[in-house]
Structure formats: structure tokens, C-alpha cells
Amino acid sequence: MKIILTSFLLLISISAFSQKIPLENIKEILSTLASDKMKGREIGTPENDSAAVYIAKNFKENSLDFCFGDSYLIPFQYKGKTVYNVCGLKKGKSEKSLGFSAHFDHLGYTNKSGDNIYNGADDDASGVTAVIGMAEYFRDKKPDFSMLFMAFNGEEKGMKGSTAISSDADLEPVYKNLTALFNFEMIATESQFGPNALFMTGDEFSDLEDLFNTKAANSLKIYPDPYKGEQLFYRSDNVNFVKKKIIAHSFSTVDMTKAAHYHQLTDDVTVVDFKNLTNIINNFGETLEKLNPENFSPKYNDKVEF
């Protein structure tokens, strides 16, 4: 009887562990997006298209629905070329939804000899990896909130992709029920607050940080933005949803006082702390499982400028 009970408890433990995303999956996604083959994923290039297709493939593997039409790829025009955002949906128990986003484009490459590719591992393959990771985490679950997953293009050229998707009338029904948008921007490194921690831009404008931290799993914590002078809240893709009066903040781990890899050729997989990134993604997912429309309804205050 003791052997049977021990085996049963072991089975439960293995089952619970298997619900989490393994480090190997996180490493494969980020390493693919930041590989030399992607040539820096600059918008308007074949490699940028390849990145969009790769993200769409992951959305399909994680059983997401299309946001519109019959494809995860949402086209828009950039300098006379058709380029793509990527969008997927997961139906939850409520029509109200939470959104997860990041940009997948980066700076491309130079014609210099040697290492000449801006791989953008941290900026922002790490964020896209978190978006795909959230989709994988909830693949076999029925969350209380419905979920919207978006990978934006053209952030490096003036937030072109998030501008296109937030102004697309056909997609307004998709994001109109958003309770909050979590935009991941550079989360590959350990933050100045230590492991298992992120900071939130615009924390002074809403109560999202406090509401999230109340439910945060396994000591995950969101800290206030330590770089308020940089106005980061208004400098990333979240701002296009802020203009719609949707709660939308960016979440990061980058230590801007010593991030020598920012927009440099050195932003490759060697800067990534895969263990910390994997823990953050899994703990974020576990926290989200605790959230529902009754206990999580963040609001802006009168300090925010729309």
C-alpha cells in the first residue's frame, strides 16, 4: 500500500511538473529567432517574414485560434511591401481577455566583416519567447480570462506594427475586451532587482502592479520602473493601446545602467539567462492562473496621458 501511495504521489508530482515549460523549449524558440539565419529580422526583409512564419507555426502548435480570417499572419504595408504582424486567440471562460505582446523585428545586419548581425536576442526575441511561452503554458488549460497573443513588427521603425493592428477596424472586436495588455520588452537578463523579477513601465499610472503582485506565484515580483526619466511607458508598443484607454504596460528586466548589448552586435544568445527567463515565464503563467475578472480589473488613474 505504501509503494502504491508513493507511486501515486510521484505521478502527481511528475504531472504537475510537466505542466511547466522546460528550459529546452524556451532555449529553442529564442535561439531560432536570434539565429544568424534570421539576419537580424529587419522589417521588410525575407528573414523578417521567416520570423513571422515561425511565430505563426508556434501559435498553431499551441492550438490558438485566428484573430481574423484564416491566418495568424496579419498583413500591413511598409514602404510598399506587405509585411506581417502575428496574432492568435485562446478562448477562456470569460469574454474578458488578457493580452500578451512583444515585437519580433530588429535592426538587421551591416556589411562589415566578422560578426555583423544584430541578432536581437534580448531585444526582443526574449519578449516574443515569453508570448509563445504563455501560449504553450495554457495550451491544455481553460483559463478564466480569454487570451490574446500578438507579435508586433516594425517596432524599431516607429512602432509600425502595433500602430497598424491597433487601428485596424477588423481587429477591434479582438482587443476591445482587453482587461490588460502585458507587453514584454527585453527580459533575457537578470534585473537589477535580482532573479525572478521584472519592472513595469508606467507603474505610476495604474494599479496593475499591486493587483498582480498580490497573486504572484513563487516569489515572482513586478517592481516600479527605475528609469522614469526615460519615459519608457510611451516608447514601446504598449502606447498604441494606451491611446485606446486599454490598460497596457511594458515589462522588462534590462538593467539600463549597464546593458552594453542594447542595439549592439553583442545582443546574441550569450547574453541570455535562460534559467531566469524560463522561471519568469512559468511563474508568470502560474500567476495568471490565479487571475479572473472578479479579482483582477486594473484601472488607470488621472495621471496618465492618453
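What follows draws every value from the coordinates through simple rules; no lab data is involved. Only a predicted model underlies this, so the values are computations on that prediction, with no experimental measurement involved. Virtual Cβ from ideal backbone geometry, glycine too; neighbours counted across all protein chains shown.
Order these by the 10 Å Cβ neighbour count, fewest first: Leu171, Leu148.
Result, fewest neighbours first: Leu171, Leu148.
Sorted by packing (mean other beta-carbon atoms within 10 Å per residue), highest first, where do 281-292, 62-73 land?
Ranking the peptides 281-292, 62-73 by packing returns 281-292, 62-73.
How many percent of DSSP beta bridges within the chain run antiparallel, rounded to 5?
Approximately 50 percent, going by the DSSP bridge assignments.
Got a sec? How would His106, His261 order by Cβ neighbour count within 10 Å, fewest to most?
His261, His106
I want to verify a result. In a Gaussian network model of the chain, Cα cutoff 10 Å, which of these has the top mean-square fluctuation: Tyr78, Tyr175, Tyr137?
The residue that fluctuates most here is Tyr78.
For a Förster distance of 22 Å, can you work out the FRET efficiency between the beta-carbons of Gln192 and Ser219, rounded to the nearest 0.05?
0.85
Which pairs, out of Lys228/Lys303; Lys96/Lys157; Lys221/Lys275, put more than 21 Å between their alpha-carbon atoms?
The pairs that break the limit, which is 21 Å between Cα atoms, are Lys96/Lys157.
Using the per-residue mean of other Cβ atoms lying within 10 Å as a proxy for protection, in what order, highest first, do the peptides 158-165, 88-95, 117-124 fall?
My ranking of the peptides, most packed first, is 117-124, 158-165, 88-95.
Of [x] 17.4; [y] 21.3; [z] 15.8, which one was derived for mean projected area of the Cα convex hull in nm² from the structure shown?
Matching entry in [x] 17.4; [y] 21.3; [z] 15.8: [x].
On full extension of the chain, what length is gained from Lys57 through Glu24, given 0.36 nm per residue of separation minus the C-alpha to C-alpha distance?
The span from Lys57 to Glu24 would gain 10.1 nm if fully extended.
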